[in-house]
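Below you'll find the structure, written out as structure tokens, and then a few comments.
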Amino acid sequence: MALKSLSGHGITRRWLVNGLGMFAVILVLFETAFFFAFRAYVYGEVENALYVRASAQAVLLERYMLTTAFDFEENAGELVESFTEKETMELQIVDAEARVLMSSGGFSTARSEHPADFDAALENDDGVGVWRGKNENGEAVMALCNVVYRENKTVAGAMRYVVSLTLVDQYITYISLVVVLLGVAILFLVVLSGSYFINSIVTPVSELGIAARRIALGDYDSRIEKKYNDEIGELCDTINYMAGEIAATEQVKNDFISSVSHELRTPLTAIKGWSETLQQVDGDVELTQKGLEVIAAEAERLSGIVEELLDFSRMQGGRMKLNFDRVDVLAELQEAVFLFRDRARRAGVTLQYVESADLPPITADRDRLKQVFINVIDNAIKYSDTGGRVRIEAASMHDYVQVVISDNGIGIAPEDLPNVKSKFYKADKTRPGSGIGLALADEIVRRHGGWLDIDSTKGVGTTVSVMLPLKKENTYE
């Protein structure tokens with residue numbers, strides 16, 4: 001299986017679509033809104049300027065018409081001549097029929113229909129109307145028409161102010177272009193900083209993916225260089241730690257397979273050897289009897305190993321069932337000691353059982369409790385040399401029953417002691433055993449609501465204390 005590098009295209013694409021795309025849309029919407037708002041504001045200012053100019057002129061004109069015999073149409077030329085802002089806008093004098101009587105010039109404003117602003121001015125209460133569009137020369141203009149009334153409230157005409165929007169539109173375009181360029185610059189900076197940020201994530205993630213694939217393929221020595229002290233750095237540490245733990249577990253598993261294979265091979269070899277021997281002898285009753293005893297003992301040993309493996313499998317799968325009942329601890333402990341007397345004698349180990357006073361019964365699984373005692377005593381004999389001693393005693397400790405099994409065997413090194421209750425772990429690989437006996441015993445005691453402590457000194461011996469509550473608490477059915 002070939003390793004594939006994670007290109008990070010998925011993360012980059014999501015950032016482009018979800019992050020940058022959304023930002024770009026918001027930026028476009030903002031600039032569009034700004035353009036229309038700014039244009040409306042500028043046009044409003046132009047309109048306001050026209051309105052102020054027209055209002056002031058209209059007030060003066062109406063007062064003048066009231067106090068003098070001033071005829072609006074006849075004096076149109078005088079109004080145009082006195083207009084002082086010819087350079088910035090055009091003044092048109094319009095009669096009551098919207099015909100242009102006189103113009104200050106500068107713009108072609110002749111129209112075949114009524115100006116829209118004139119009609120609007122007639123309809124409005126303040127007599128003012130505004131129109132914005134293009135004149136007949138195609139030039140953008142704004143016109144404000146202010147109706148002039150006679151004393152009898154009839155329409156005398158109107159003064160129409162027209163201003164070109166060319167420069168105004170150029171100003172609006174310039175400001176809008178500046179805003180657009182500013183938005184492009186902001187977008188560029190966002191892309192630049194975002195690309196750096198994305199790369200700072202994508203590259204380590206790609207390396208993490210490659211390392212994870214290598215680990216999945218069995219390269220447990222693969223490690224990731226930590227470059228950042230952040231979440232990515234923590235993930236690097238986690239994966240490196242995971243690789244180390246997997247490597248250690250893999251080594252323990254291999255050792256376990258090797259150990260179990262050896263444990264299974266020994267009784268099978270004995271059974272096979274004695275079977276072949278018995279097939280060749282004829283009439284040797286003593287040899288036949290001895291061979292059958294060995295075969296039976298090795299078959300029993302083989303059955304015990306298989307049963308231990310099955311128990312461990314049940315424990316790992318959460319299928320171990322405990323049948324709790326009132327149990328006499330001393331009876332189960334004495335039976336376990338009795339099972340090992342012959343084996344201890346053959347191994348040259350003294351098995352010392354200290355008779356205890358009557359102990360209160362506890363709530364426990366009888367068979368599993370005996371299994372704990374058997375596993376611990378078996379280990380004590382197994383790790384004791386010829387001439388060694390194994391001491392077994394029990395006592396009542398407040399709300400608990402304590403069973404202590406100690407030996408003066410080879411002991412356990414300080415670096416191995418924290419791991420001896422771990423599954424598959426063996427401190428001394430030269431000694432027989434599968435490495436799951438203590439792990440199984442510890443799990444059983446824990447499910448009884450108690451605990452199993454191990455105290456050991458290398459070359460001095462080991463003491464195992466099993467604490468069992470009188471009442472079943474915090475147990476797992």
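The values are calculated or read from the model by the stated rules, or taken from the named source; none is laboratory data. Bear in mind the structure is a predicted one, so any value in this text is a computation, not a measurement. Here Cβ is always computed from backbone atoms with ideal geometry, including for glycine, and neighbour counts include all displayed protein chains. Just the protein is used for accessible areas: all its heavy atoms, side chains included, with ligands, DNA and RNA removed. Shrake-Rupley method; radii C 1.70, N 1.55, O 1.52, S 1.80 Å.
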Q | Inter-site label distance for Ala395 and Ala33 at 7 Å from Cα along Cβ, in nm | A | 8.2
Q: With all protein chains present, calculate the accessible area of Val178 using a 1.4 Å probe and round the result to the nearest 10 Å².
A: 70
Q.
Checking the table Lys321/Lys458; Lys253/Lys471; Lys272/Lys321; Lys253/Lys421; Lys370/Lys471 against a 25 Å threshold on Cα-Cα, which pairs fail?
A. Lys321/Lys458; Lys253/Lys471; Lys272/Lys321
Q. When the Karplus curve 6.51 cos²θ - 1.76 cosθ + 1.60 is applied with θ = phi - 60°, which whole-Hz ³J(HN,Hα) does each residue of region 455-461 get, with x for Gly and Pro?
A. 10, 8, 10, 4, x, 10, x
(Q) Using the crude model of +1 on Lys and Arg Cβ and -1 on Asp and Glu Cβ, and no other charge, please compute the dipole size for region 344-386 relative to its Cα centre, in debye to 20. (A) 200
Q: Give the calculated FRET efficiency between Leu310 and Tyr196 to the nearest 0.05, with a Förster radius of 45 Å applied to their Cβ-Cβ distance.
A: 0.20
**Q.** Fully extended contour minus Cα-Cα distance, from Ala216 to Asp119, at 0.36 nm per residue
**A.** 26.5 nm
Q: Using a 1.4 Å probe and counting only protein heavy atoms, arrange Ile377, Ile26 so the residue with the most accessible area comes first.
A: Ile26, Ile377
Q | Two-site FRET efficiency, Leu292 against Asn254, from Cβ-Cβ distance with R₀ of 35 Å, rounded to 0.05 | A | 0.45
Q | Cα gyration tensor category, rounded, prolate or oblate, for region 310-379 with a/c compared to 1.5 | A | oblate
Q) When the solvent-accessible surface of protein heavy atoms is calculated with a 1.4 angstrom probe, in what order do Arg39, Arg368 fall, highest first? A) Arg39, Arg368
Q: Take the Cβ-Cβ distance between Thr266 and Ser206 as r, set R0 to 35 Å, and report the resulting FRET efficiency rounded to the nearest 0.05.
A: 0.10
